[in-house]
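Novice: What follows is a single structure, and I will ask about it in a moment.
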Amino acid sequence: KMSHALDEYCGSTFWNASFLDRPDPDLPVCVERTVLVWVPLGFLWLCSPWHLTTLFRKKPPKTPFSKLYICKQVLAGLLFLTAIAGLLFTLAEDYGPSSNSSAKKIPAVLYANPVLFATSWVLVLLLQEAVRRRERAVDSGSLFLFWMLKVICEIFPFQTMLREAIQQEEISDLPRFCLFYITYGLQVVALVLSAIADVPLGLNKVVKKNPEAGAAYLSRITFNWFNWMVINGYKRPLVQEDMWELNEKEATSYISQEFEKIMNHELRKACSRLEKQQKKKNNSRLKSDPDQNGMTKGISQDVLVMEEIGDKHKNKNKKEKKKDDSNYPKSWLVPAVIKTFKWVLIESAVFKLIQDLLSFVNPQLLKVMISFTQDKSIYDWQGYLYAVLLLVVAVLQSLFLQQYFQRCFVLGMKVRTGIMAAVYKKALVVSNDARKESTVGETVNLISADAQRFNDVTNYIHLLWSCPLQIIISIVFLWVELGPAVLAGLLVMIFMVPINGLLASKSKALQINHMKLKDKRMKIMTEILNGIKILKLYAWESSFEAQLQGIREKELKVMRNLAYLSSCSTFIFACAPALVSLATFAVFVSVSPDNVLDAEKAFTSISLFNILRFPLAMLPMLISSLVQTVVSKKRLEKFLGGEDLDTMTVQHDDSYSTAVSVRNGTFTWGSDTEPALKNVTLDINPGHLVAVVGAVGSGKSSLISALLGEMHSLSGSINVKGSVAYVPQQAWIQNATLKDNILFGSELNEQKLQRVVEACALEPDLELLPGGVQTEIGEKGINLSGGQKQRVSLARAVYSSADVYLLDDPLSAVDSHVGKHLFERVIGPEGLLKDKTRILVTHGISFLPYMDEIIVVVDGIVSEVGSYSSLRASKGAFSEFLDMYAKEESNRSDAQKDAEQVDVVPESQDPQADSPPEDMVSVTLKRESSLRHSQRHAQPNGRYDCRLHCPSAPHSNKSKKGQRLIEKEAMKTGKVKFSVYLHYLRAMGWWHASTFVMTYLLQNVAFIGQNLWLSDWTNDSETYTNRTYPADIRDMRIGVFGALGVAQGFLVFLGTLILANGAIRASRSLHTCLLFNILRVPMLFFDTTPSGRVVNRFAKDIFTVDEMIPMSLRSWVLCLLGVVGTLFVICLTTPLFTAIVVPLAVVYYFVQRFYVATSRQLRRLDSVSRSPIYSHFGETVLGLSVIRAYGHQERFLERNKITIDDNLKSVYPWIVSNRWLAIRLEFLGNLVVFFSALFAVLSRDTLDSGLVGLSISYALNVTQTLNWFVRMTSELETNIVAVERVSEYTEIPNEAAWITEKRPSADWPSMGRVRFEDYKVRYRPELDLVLHGITCDIESSEKIGIVGRTGAGKSSLTNCLFRIIEAAEGRILIDGVDIAILGLHDLRSKTDHHSSGDNGLKSIWFHMQDPVLFSGSLDEEIWKVLELAHLKDYVGSLAAGLQHEVSEGGENLSLGQRQLLCLARALLRKSKILILDEATAAVDLETDGLIQGTIRREFAHCTVLTIAHRLHTILDRYFQGDGIDAGKIVEFDSPSILFEKRGHFYSLAKKPESPRYQYTVI
């Protein structure tokens, strides 16, 4: 009926099979006028509602019409006119004068079609206007597709009309003929115009910065807009400036905003679920133990206590585990991710589904193709049609697949970004409890490793449903081909699943173990780098090297086991396809003698099995990466779900009359620890200066932290009126310019900045620094001395103009002059802050009389509060604290009564412990400093005026050399040198490398052999057409086929094992060389290289060498052999194909070279732009309390977003570059398929069907292999860069040998005599001398004090004794031995540093100002030493005693305790020569006194050299003083004589009297 109605509608036959059953087929005219018209128009009408909504919603833009828009509208108008003309022709034919009523009726289609067209063209006019009104739209994909469909559908009537005209040699219907071809021409032009982007004027700027915004539809689906980047990248290495701006939706701020909204909602739901669970648990516990209380009453208390102590250790681990597992909200992160990005997920799922379905069309086409070659009666045109269809399906498949991948990879990037931003935001508000659970390294790991895991999984997340779907469809098709025999193959597959599962669970356990070892290794490595100077001074390198190598060996052992497991699974994988096809075919031919394997069945099945291989290979990988992600998910949920700092602890209520008020406050550092402050009640009036004093560890810093709201409040309330500025005890300095560090986000006011700089005694420093205020400060303030850092930190607080200042002992790190200056000019009653409320923690007694109030803290309790005089009178804790010093002070006061006034010259460049002798930082710095010293003249009144003769250079605007301390990380560009590959292969061992390639080559030969055998087997179906198939031939066929399959598996297994062993060998050798060299490079390297950069070598690069390179290498070799094998087989079967191979190879080579150059550079940019994310994050975590105190969280969040965006700018193009490449390569692969099919059609008479099947099924596989091959080439190049980076650090020149042939005697130095002979030194060959010919003799057991203004070269002198810097001229003799001829370890230490049974002496012992501690147990059996260092009580009070774990950087000890611990280290050594560098700068005076006493007693027989800050350490304890200025010894005698001389020493030692205050000498 339907066809009859259509016949009538058209006035001709709608369908007749005879149209196609001939050598030159054609479609009936009726089909051309109905179906081929309705399809494109139907598509247009379906798409129009979406466009029309924009048309009615949006107002037309104010911009003028573009030329392109006008052309498009004119074309649509002309088409409308052609439709009207067509209608008029029909009307004229029907009703015109020439019409004949008796003639046949004009069919309805000729009326309907013009009307349809006319309305459609009007619709097109409207749609083009709608596109113009849509924001940021440059064209319309649906319109482009419509024009394309229209042009393709019209090809059929196009050739029908032409053929008819040629056959009849005349045109029957001239007007319609002309009209059709005019219309067709207009449509082709419209198609061309719709492929061009119409960029509105307002969008031009955006398009310049981001070409994607202006890319047309065709350019978007083929990624043509990316060409510029690729060509540019090929011409020259890309740099960060070449990167384009991000699309708005790919930017961090947009992603994080969307993600956080949903994440917070999900987190709240999870929290309420957790609360319900806990309530349930508690209720059930109460129900189950009703008589528990009755029981416990009977047990005596003593027994309970005993049991408790015994069980404590047992339960501790259990408890911790339990707590970890249950106490945080779970299962909310994944739903949050899914809900945030649901549309992208749905879109990509649709693409994936279409692509999956299309992939099953190819085997069916292959089937008809084989039957075409078998059946010679089929017309030729069908063969060509099949070849074209193969191409079309393949191209569509490529386009859909690439769109799917693009969406998924961008999604992965967005998920990673969202998580990183969330972790950073959380880190800013996280509570102390949560902070304690993870070190800085572990937190950084969350954004580096865990966020990356999520990224990787999201890329392939759709495979979770797509793999099962592909498996099911394949099995259905296979059943159709082979019937129940498929079940045999299926059983083999199912049997593989549990084996894989077992291997996966085994490898998961190993993986966790591996991660633990890696964390442990990185923790030690970080500590080594942070304390590298100590390691060198103590000659501990070899012991740490051994420790690290031990962990590394364990790690390699785990890696080897992992590799063995993975080679087992590889073996199963390689065997799987062969075994599956073997089982299937064997069962198929064995079941019944009628079942003969022919080419159609065999190769259709093989291509279906090939489709099956992918999901089967991916599922286990996906599952294992999901398992890893689950671990990451838990870590992230635990961190992000951890409790926030309670922002309500500190109120900011302005109605209070007091500036700071605390009521009954009890505070603790964590909810489960003892209170650090108990029952604190304080009222501090506005504008008051308040001191907080107390012994080391009494809770002074805790009080400040409580006021900042950093502590957990158990009871009570705090109110702080107004804003707060905070100066921590250890200054936190950002890696930015000095100016940025002081401004800290405030507006710049030059006069104010100048005032602050002057008051904080920073002016002289600025003159020394190469770039003045614009000097870049390194990581952790590496190029500033301790004192400078502290003053910058203070300047930041002063500049912020806050209401309340919390100063945590800022004066301890500076010498007495500077301390005095800072107190007078900044903190004191006349300073810049005189009207502000100041709370100052201090150990300096001399400042106490100027305080409005003094708070005395004893063991976490505020014991006294009052003015100086009232506290003295009350004879409480405070007066005891003071009396101790009265004696000391009075001893000195006599000598100072009649002295003249001396100007304050601030210390500025004092190199300090962990900031190693930074005078080396740059040329200018040294040169100017020596200039300054040499030009300084004593004025007649004995003053030193430093400003008089200052070189004016620092004020010039020219940026000088050395202004950047830390150079940008060197990034290699261009092609990776071949020598790098050789370096890796050498590290692997040539035997491993060559045998590995050989086994894989053999495996490939076996694979090709197996398929050729199969092709031969299928020819049996023709040989034995009407005869029974002999069983012996059948068994032989099956046997050989199976044997070749198993051989493949075995060879792959062998190859993988060999590679695994080689890779482990390479990993070991590269890591050992790297570690060996890093521990032997001179100190200078660590001063100029941020530790993050070195850590990166040990973390990311070694990870790449361990795990990525072996994988890429294996895949690369497999792909290479696969491509060569495929081309070999196709050329073997269709020799014509060889003609195509060369041009294809050339195109392929160029595409690949272009891509690899760009992709490699984008990868490098990615890794270089990643480091700032991590270092900014690390910096933030370290400076949390400062950032929170100033309330600058928002600014840091913004900064973080910018840093992540910079990284995304290179990640996004990298993703696109992969798609750009894939589309082009797949197109090449599709051409391979097309040509192999085409040549099979051309030579159908000479080919047997088995070979056609073989060649096309191989060709269908080549697309994927080609793609992988380029991807692997690029990945291998990218990853091999790690070898390049590691070997770069193995080639840094080393310091002198640790041990030389000239070794000193066992008891050297027995006397401890030190002699300098015309000793000169410079930091680098191109720099000026730092010490200018020092000559002096220091006798055995003399006590020498070294004093001098900062930068005079005091620390340089001590660095020379350890040969941290080498002599330029002259020499140093210790007990008559020239130290330059000794090995460094002989000089710095004679034996290893282990304390147990340590009988060796430290030849020289060094005590540092900045105490650096390594995690590990406090040293053994040393109570005596601890007693001498005044730590015995403290260690005794610890639960674990000597086994107490010192946390990372010694953070669980106060600064004073850390220094005392370092002193204990020194006491343990009983060295002959002791060097003290500002040893007691950070302890209170009481402890200082105790330490000095200990040193006097215990080191009476030693030669002691002290670099002093507190001059009283020298005044009454040393026999000889030694004054250094400008690198020369200017005075050398006992303190009393030097004092009388009134020279340099006098000017330093004189305590400057202030004209404003009268000192009370205590």
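The values are calculated or read from the model by the stated rules, or taken from the named source; none is laboratory data. Worth saying up front: this structure is predicted, and the values here are computed from it rather than measured. We place every Cβ from the backbone using ideal geometry, glycine too, and count neighbours over all the protein chains shown. Protein only, heavy atoms only, side chains kept; ligands, DNA and RNA dropped before computing areas. Shrake-Rupley method; radii C 1.70, N 1.55, O 1.52, S 1.80 Å.
Novice: Can you name the condition, by its number, that K72 falls short on among (1) touching a residue at least 40 places away in the same chain (Cβ under 8 Å); (2) farther than 24 Å from N204 by Cα; (3) out of contact with any Lys or Arg (no Cβ under 8 Å at 6 or more places or on another chain)?
Specialist: K72 satisfies every listed condition except (2).
Novice: Quick check, is A270 among the hydrophobic types (A, V, I, L, M, F, W, C), within 20 Å of Q406 (Cα to Cα) and modelled with pLDDT of 90 or more?
Specialist: Judged against the criteria, A270 is not a match.
Novice: Only one of V429, V415 is of a type in the set (V, I, T), open to solvent by less than 50 Å² (accessible area, probe 1.4 Å) and within 30 Å of the chain's Cα centre (by Cα). Can you tell me which?
Specialist: V415
Novice: R613 is checked against (1) open to solvent by 70 Å² or more (accessible area, probe 1.4 Å); (2) among the basic types (K, R); (3) modelled with pLDDT of 85 or more and fails just one. What number does that condition carry?
Specialist: (3)
Novice: Would you be able to say whether some residue in the stretch 814-825 is under 39 Å from the mean Cα position of the chain (by Cα) and crowded, with 24+ Cβ neighbours inside 10 Å?
Specialist: Here is the first cut: in the stretch 814-825, the residues under 39 Å from the mean Cα position of the chain (by Cα) are 814.
Cutting the leftovers down to crowded, with 24+ Cβ neighbours inside 10 Å gives us 814.
Yes, the stretch 814-825 has at least one match.
Novice: Another question, if that's okay. Give all pairs with beta carbons closer than 7 Å in which a residue from the stretch 984-1002 that is on the phi > 0 side of the Ramachandran plot meets a residue that is charged (D, E, K, R) and part of a helix (DSSP H, G or I); count only pairs at least 6 apart in sequence or on separate chains.
Specialist: G989/R1065
Residue-wise test of (1) part of a helix (DSSP H, G or I); (2) in contact with a Leu (Cβ under 6 Å, 6 or more places away or on another chain).
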residue	(1), (2)
Y111	yes, no
F117	yes, no
L123	yes, no
A137	no, no
S142	yes, no
C153	yes, yes
L179	yes, no
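Novice: Give the residue, chosen from V192, V206, that is modelled with pLDDT of 90 or more and assigned to a helix (DSSP H, G or I). If you could, list the steps in order and put the result at the bottom.
Specialist: Working: V206 fails: modelled with pLDDT of 90 or more.
Step by step, each of V192, V206 is checked, and only V192 is modelled with pLDDT of 90 or more and assigned to a helix (DSSP H, G or I).
Novice: For the stretch 763-784, enumerate the residues that are outside any helix (DSSP H, G or I) and of a type outside the set (G, A, S). Step through it out loud before you land on a result.
Specialist: Going through the stretch 763-784, the residues outside any helix (DSSP H, G or I) turn out to be 769-771, 775-778, 782-784.
L769, P770, T775, E776, I777, I782, N783, L784 - these are the residues of the stretch 763-784 that are outside any helix (DSSP H, G or I) and of a type outside the set (G, A, S).
Novice: Can you find, within the stretch 785-811, the residue that is surrounded by the fewest Cβ atoms within 10 Å (Cβ to Cβ) among those that are assigned to a loop (DSSP other than H, G, I, E, B) and modelled with pLDDT of 80 or more? Outline the logic, then answer.
Specialist: The initial filter retains those residues of the stretch 785-811 that are assigned to a loop (DSSP other than H, G, I, E, B), namely 785, 800-803, 809-811.
Within this subset, residues satisfying the condition of being modelled with pLDDT of 80 or more are 800-803, 809-811.
On the way: S800: 22, S801: 15, A802: 20, D803: 19, D809: 24, P810: 27, L811: 25.
Once the filter is applied, the top-ranked residue is S801.
Novice: Moving to a separate point now. Sort out which residues of the stretch 949-1003 are open to solvent by 60 Å² or more (accessible area, probe 1.4 Å), modelled with pLDDT of 90 or more and β-branched (V, I, T), and write them in order of number.
Specialist: V997, the sole residue that qualifies.
Novice: Moving on. Any residue that is under 30 Å from R133 (Cβ atoms), at pLDDT 90 or above, β-branched (V, I, T) and within 53 Å of the chain's Cα centre (by Cα) - is there at least one of those in the stretch 43-64?
Specialist: Residues of the stretch 43-64 that are under 30 Å from R133 (Cβ atoms), as a first pass: 43-64.
Subset that is at pLDDT 90 or above: 43-49.
When the remaining residues are screened for being β-branched (V, I, T), the result is none.
Checked against the condition, which is being under 30 Å from R133 (Cβ atoms), at pLDDT 90 or above, β-branched (V, I, T) and within 53 Å of the chain's Cα centre (by Cα), the stretch 43-64 yields no hits at all.
Novice: Given the conditions (1) within 29 Å of the chain's Cα centre (by Cα); (2) without any contact (Cβ under 8 Å) to a residue 60 or more places away in the chain, which single one is not true for L1079?
Specialist: Failed condition: (2).
Novice: Let me ask something else. Given the options I1215, I1223, name the one that is open to solvent by 10 Å² or more (accessible area, probe 1.4 Å) and either touching a helix residue (DSSP H, G or I) at 6+ places or on another chain (Cβ under 6 Å) or of a type in the set (S, T, N, Q) (or both). Don't jump to the end; show me each part of the working.
Specialist: Details: I1215 fails: open to solvent by 10 Å² or more (accessible area, probe 1.4 Å).
Only one candidate qualifies: I1223.
Novice: So which residues in the stretch 1002-1035 are under 24 Å from N610 (Cα atoms) and among the hydrophobic types (A, V, I, L, M, F, W, C)?
Specialist: The answer is L1002, V1005, A1006, F1007, I1008, L1012, W1013, L1014, W1017.
Novice: Inspect all residues belonging to the stretch 259-268 and state whether any of them is in a loop (DSSP other than H, G, I, E, B) and surrounded by 12 or more Cβ atoms within 10 Å (Cβ to Cβ). Steps first, answer last, please.
Specialist: Residues of the stretch 259-268 that are in a loop (DSSP other than H, G, I, E, B), as a first pass: none.
Within the stretch 259-268 (the criterion being in a loop (DSSP other than H, G, I, E, B) and surrounded by 12 or more Cβ atoms within 10 Å (Cβ to Cβ)), the answer is no, since none of the residues qualifies.
Novice: Enumerate the pairs (first residue in the stretch 729-749 and charged (D, E, K, R); second residue anywhere and modelled with pLDDT under 90 and assigned to a helix (DSSP H, G or I)) with beta-carbon separation below 8 Å, excluding pairs fewer than 6 apart on the same chain, so at least 6 apart or on different chains.
Specialist: K739/V773; K739/Q774
Novice: I need every pair where a residue in the stretch 123-149 that is over 11 Å from A197 (Cα atoms) has its Cβ under 7 Å from the Cβ of a residue that is β-branched (V, I, T), sequence separation at least 6 or different chains.
Specialist: These pairs meet every condition: A130/T54; R133/T54; R134/T54; L149/V39.
Novice: I would also like to ask the following. Out of all the residues in the stretch 636-667, which are at pLDDT 90 or above, hydroxyl-bearing (S, T, Y) and buried (at least 19 other Cβ atoms within 10 Å of the Cβ)?
Specialist: S661
Novice: Let me ask another. Among helices (runs of 4 or more DSSP H) lying entirely in the stretch 443-546, which contain 2 or more residues that are at pLDDT 85 or above, out of contact with any strand residue (DSSP E or B) (no Cβ under 6 Å at 6 or more places or on another chain) and among the β-branched types (V, I, T)? Reasoning before the result, please.
Specialist: On the way: elements: 451-459, 463-482, 486-530, 532-538.
Counting at least 2 such residues, we get 451-459, 463-482, 486-530.
Novice: Now, a different point. Can you tell me which residue is least open to solvent (accessible area, probe 1.4 Å) among those in the stretch 389-412 that are aromatic (F, W, Y), farther than 30 Å from F1239 by Cβ and over 22 Å from the mean Cα position of the chain (by Cα)? Even if it seems obvious, please write down each step before you answer.
Specialist: At the first step, the residues of the stretch 389-412 found to be aromatic (F, W, Y) are 400, 404-405, 409.
Add one more test, that the residue is farther than 30 Å from F1239 by Cβ, and what stays is 404-405, 409.
Adding the requirement that they be over 22 Å from the mean Cα position of the chain (by Cα) leaves 404-405.
On the way: Y404: 3, F405: 42 Å².
By that ranking, first place goes to Y404.
Novice: Pick from F1196, F1103: which is closer than 30 Å to R1065 by Cβ and either at pLDDT 85 or above or open to solvent by less than 60 Å² (accessible area, probe 1.4 Å) (or both)?
Specialist: Working: F1196 fails: closer than 30 Å to R1065 by Cβ.
After ruling out the rest, the residue left standing is F1103.
Novice: Residues of the stretch 577-593 being part of a helix (DSSP H, G or I) and surrounded by fewer than 20 Cβ atoms within 10 Å (Cβ to Cβ), which ones? First the steps, then the outcome.
Specialist: Step one: list which residues in the stretch 577-593 are part of a helix (DSSP H, G or I), which gives 577-591.
Residues satisfying the conditions are S590, V591.
Novice: Residue check, L79 against (1) surrounded by fewer than 13 Cβ atoms within 10 Å (Cβ to Cβ); (2) touching a Phe, Trp or Tyr at 6+ places or on another chain (Cβ under 8 Å), all met but one. Which one?
Specialist: The failed condition is (1).
Novice: Additional query: For D765, indicate whether it is in contact with a helix residue (DSSP H, G or I) (Cβ under 9 Å, 6 or more places away or on another chain) and open to solvent by 20 Å² or more (accessible area, probe 1.4 Å).
Specialist: Values: in contact with a helix residue (DSSP H, G or I) (Cβ under 9 Å, 6 or more places away or on another chain): yes; open to solvent by 20 Å² or more (accessible area, probe 1.4 Å): no.
Against the criterion (in contact with a helix residue (DSSP H, G or I) (Cβ under 9 Å, 6 or more places away or on another chain) and open to solvent by 20 Å² or more (accessible area, probe 1.4 Å)), D765 does not qualify.
Novice: Can you tell me how many residues within the stretch 329-365 are among the hydrophobic types (A, V, I, L, M, F, W, C), within 30 Å of Y384 (Cα to Cα) and in a helix (DSSP H, G or I)?
Specialist: Within the stretch 329-365, residues that are among the hydrophobic types (A, V, I, L, M, F, W, C), within 30 Å of Y384 (Cα to Cα) and in a helix (DSSP H, G or I) number 7.
Novice: Now, a different point. Are any of the residues in the stretch 381-388 at pLDDT 90 or above, within 36 Å of the chain's Cα centre (by Cα) and open to solvent by less than 50 Å² (accessible area, probe 1.4 Å)?
Specialist: No, because not a single residue in the stretch 381-388 is at pLDDT 90 or above, within 36 Å of the chain's Cα centre (by Cα) and open to solvent by less than 50 Å² (accessible area, probe 1.4 Å).
Novice: Next question, about the same structure. Restricting attention to the stretch 838-870, and to residues there that are assigned to a loop (DSSP other than H, G, I, E, B) and of a type in the set (D, E), which single residue is surrounded by the fewest Cβ atoms within 10 Å (Cβ to Cβ)?
Specialist: First, pick out the residues of the stretch 838-870 that are assigned to a loop (DSSP other than H, G, I, E, B): 842-844, 851-852, 859-860, 867.
Subset that is of a type in the set (D, E): 852, 859.
Details: D852: 16, D859: 13.
So, considering only residues that are assigned to a loop (DSSP other than H, G, I, E, B) and of a type in the set (D, E), the one surrounded by the fewest Cβ atoms within 10 Å (Cβ to Cβ) is D859.
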